[in-house]
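Only one structure is covered here, and it is reproduced in the block below.
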């Protein structure tokens with residue numbers, strides 16, 4: 001709350017308290033005055049009516065016989081009316097008995113000549129005097145009581161006023177303390193932060209100083225300190241910017257910093273040689289004189305639309321007397337509210353990467369050709385051995401059949417390597433055929449049966465009697481199941497079970513591979529399909545972490561999906577969904 005509002009409230013509360021005390025006093029006195037006035041008015045009214053009855057009674061006594069009966073009747077009516085008013089205005093406890101005697105005496109005299117009833121008339125006069133005296137005494141008593149109550153009320157109002165003044169004094173002291181304490185504390189903290197050694201001595205010296213003036217002094221000192229800090233910070237920032245500019249100019253990549261309107265804020269040496277040899281700071285990107293291939297690569301940026309993070313092709317430039325290959329990439333600089341603050345245009349040097357890919361392509365090409373000849377010899381040898389085993393046992397025949405199929409698969413793989421070596425960035429090429437998926441997978445799992453028997457693990461293929469056909473690559477798709485089942489054999493102990501199933505549901509072919517092995521933790525489950533990821537602290541020989549990455553790539557190339565569900569200690573299940 002602002003200090004001005006606090007002071008206003010501090011002044012408003014005492015004013016309200018004083019008004020409240022005054023209102024209570026005025027209300028009490030006014031109420032007392034009204035009550036006393038009503039009581040005295042009632043007594044005075046009774047006295048007036050009694051005096052009227054006395055006058056009427058005397059006129060009746062002095063009335064002669066010659067007067068008209070109507071005059072006597074009028075006097076009788078006036079007496080009767082005054083008596084009724086007194087009966088209707090009883091204010092004292094003794095009035096009822098006196099009025100009853102007056103009523104009784106008047107009823108006896110009303111019908112006769114009062115002049116002949118002197119004793120009764122005197123008694124009536126005495127009762128009327130008694131009624132007057134009763135109301136006069138009551139008025140005197142009410143007056144005394146009113147004065148006493150007035151003194152009490154005056155004392156109460158005076159006491160309330162004194163109490164209010166004392167409360168206001170305490171309130172003023174507390175308010176002053178409450179208002180000045182935060183100001184003093186802030187000033188003390190500022191002084192302690194700025195002058196920790198002189199804090200105690202300064203606190204004693206400033207005990208009687210105006211708090212606001214002291215706070216202003218400390219704030220001025222703080223502002224001076226902040227100004228010095230800002231100057232030092234700017235000096236360090238300039239130094240850091242100089243170092244950053246040096247680093248930007250020394251890196252082999254081209255860096256261009258743009259604002260949200262594609263205006264060039266800064267660029268390093270490599271980017272300047274690519275985009276604008278003469279310099280381009282302060283100019284818009286679309287206003288630069290660019291090579292045709294550069295303008296074509298940067299066309300998405302030059303369109304003026306909001307850019308997402310992406311690559312913009314490849315460019316070749318001669319930098320420092322050597323041809324380099326650059327891949328432009330735009331990075332969006334956003335704020336906390338997701339608004340675009342600018343862009344970073346990065347010309348990534350991929351020369352060494354391209355050289356490595358070329359070397360790898362040549363190596364794969366050479367290796368593929370070198371493997372083709374021994375693979376042909378190996379296939380022929382297996383064929384001759386199979387023909388020579390005329391009376392082979394069932395187990396030997398099974399092994400020869402597996403060896404024959406493996407040779408065929410390896411020959412197809414070598415052919416794929418030869419085809420892939422012809423491309424710099426080969427894609428996963430599929431040769432799809434309409435095949436019986438259950439028969440294909442059953443044949444693919446046959447080489448794993450001896451390994452499962454050796455580890456005392458049950459490898460079961462669960463499928464119905466009916467054939468389920470799918471359009472898949474008959475060589476590459478079995479790799480998916482054999483890679484997953486091979487991993488399951490690695491992590492399933494003796495007595496475990498690996499179950500492979502195929503079914504059709506919701507227009508999809510669903511292949512499941514479930515095991516009862518060690519399971520996978522939730523933090524590792526999200527990255528098992530990443531290449532070169534091994535869940536073992538020391539990977540076993542021959543385990544490169546590529547099996548599941550290749551499996552996902554093959555499934556997605558078939559237009560399908562693969563996912564894994566696992567729980568530590570309870571096994572893992574892989575689910576593959578393929579279009580029919």
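The values are calculated or read from the model by the stated rules, or taken from the named source; none is laboratory data. None of these values were measured; they are calculated from a predicted model. Neighbour counts run over all protein chains shown; Cβ positions are idealised from the backbone, glycine included.
Here are some notes:
- Meets criteria (surrounded by fewer than 13 Cβ atoms within 10 Å (Cβ to Cβ), touching a helix residue (DSSP H, G or I) at 6+ places or on another chain (Cβ under 9 Å) and at pLDDT below 75) for residue 316: no
- Count - residues of region 497-524 that are in contact with a strand residue (DSSP E or B) (Cβ under 7 Å, 6 or more places away or on another chain) and part of a loop (DSSP other than H, G, I, E, B): 4
- Evaluation of residue 244 against (1) touching a helix residue (DSSP H, G or I) at 6+ places or on another chain (Cβ under 8 Å); (2) modelled with pLDDT under 75; (3) assigned to a helix (DSSP H, G or I) (one fails), failing number: (1)
- Within region 449-464, the only residue that satisfies the criterion of being in contact with a strand residue (DSSP E or B) (Cβ under 6 Å, 6 or more places away or on another chain), over 16 Å from residue 495 (Cα atoms) and outside any strand (DSSP E or B) is 463.
- Of residues in region 250-265 being without any contact (Cβ under 8 Å) to a residue 60 or more places away in the chain and closer than 26 Å to residue 352 by Cβ, the one surrounded by the fewest Cβ atoms within 10 Å (Cβ to Cβ): 250
- Selected residue (only one of 91, 76 is within 16 Å of residue 48 (Cα to Cα), modelled with pLDDT under 85 and in the same structural domain as residue 52 (by TED's automatic domain parsing)): 91
- Boolean, residue 132 is modelled with pLDDT under 80 and either surrounded by fewer than 14 Cβ atoms within 10 Å (Cβ to Cβ) or touching a helix residue (DSSP H, G or I) at 6+ places or on another chain (Cβ under 7 Å) (or both): no
- Contact map, region 475-499: first residue on the phi > 0 side of the Ramachandran plot, second residue in a helix (DSSP H, G or I) and modelled with pLDDT of 90 or more, Cβ cut-off under 8 Å, separation 6 or more or different chains; the map is empty.
- All told, residue 161 falls short of being assigned by TED's automatic domain parsing to the domain that holds residue 45, at pLDDT 70 or above and surrounded by fewer than 15 Cβ atoms within 10 Å (Cβ to Cβ).
- Which numbered condition residue 494 fails, given (1) surrounded by 15 or more Cβ atoms within 10 Å (Cβ to Cβ); (2) modelled with pLDDT of 90 or more; (3) over 49 Å from the mean Cα position of the chain (by Cα): (1)
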